[in-house]
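Read the structure below first, then the notes.
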Amino acid sequence: MEAAQIEMGAELLGHARAMLDARQVSIGELRFLVERLIEALRDVLRIAESRGAGQSAPEDPE
């Protein structure tokens, strides 16, 4: 499941770049894209948190 969520985020980034390069995008299309990017970012942050990325780094013993 995590791999699919990360892949979807990567695909959305590519799609976003293509849309911005096209420069002829409607507000509705941008809004839809932003909503999907928010979902993808939320999923990736959830994955990072579940893998321990939200934990503090261990203190230096010196």
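The values are calculated or read from the model by the stated rules, or taken from the named source; none is laboratory data. As the structure is a computational prediction, the values presented were derived from the model and not from experiment. Accessible surface is based on the protein model in full, side chains and every heavy atom, while ligands, DNA and RNA are left aside. Shrake-Rupley method; radii C 1.70, N 1.55, O 1.52, S 1.80 Å.
Among the candidates 59, 7, 2, which residue alone is modelled with pLDDT under 90 and open to solvent by 100 Å² or more (accessible area, probe 1.4 Å)?
It is 59.
Before we move on, is residue 29 charged (D, E, K, R) and at pLDDT 90 or above?
yes
Anything in the range 14-52 that is of a type in the set (Gly, Ala, Ser) and open to solvent by 70 Å² or more (accessible area, probe 1.4 Å)? List them, or say none.
If the condition is that a residue be of a type in the set (Gly, Ala, Ser) and open to solvent by 70 Å² or more (accessible area, probe 1.4 Å), then 50 is the only one that fits.
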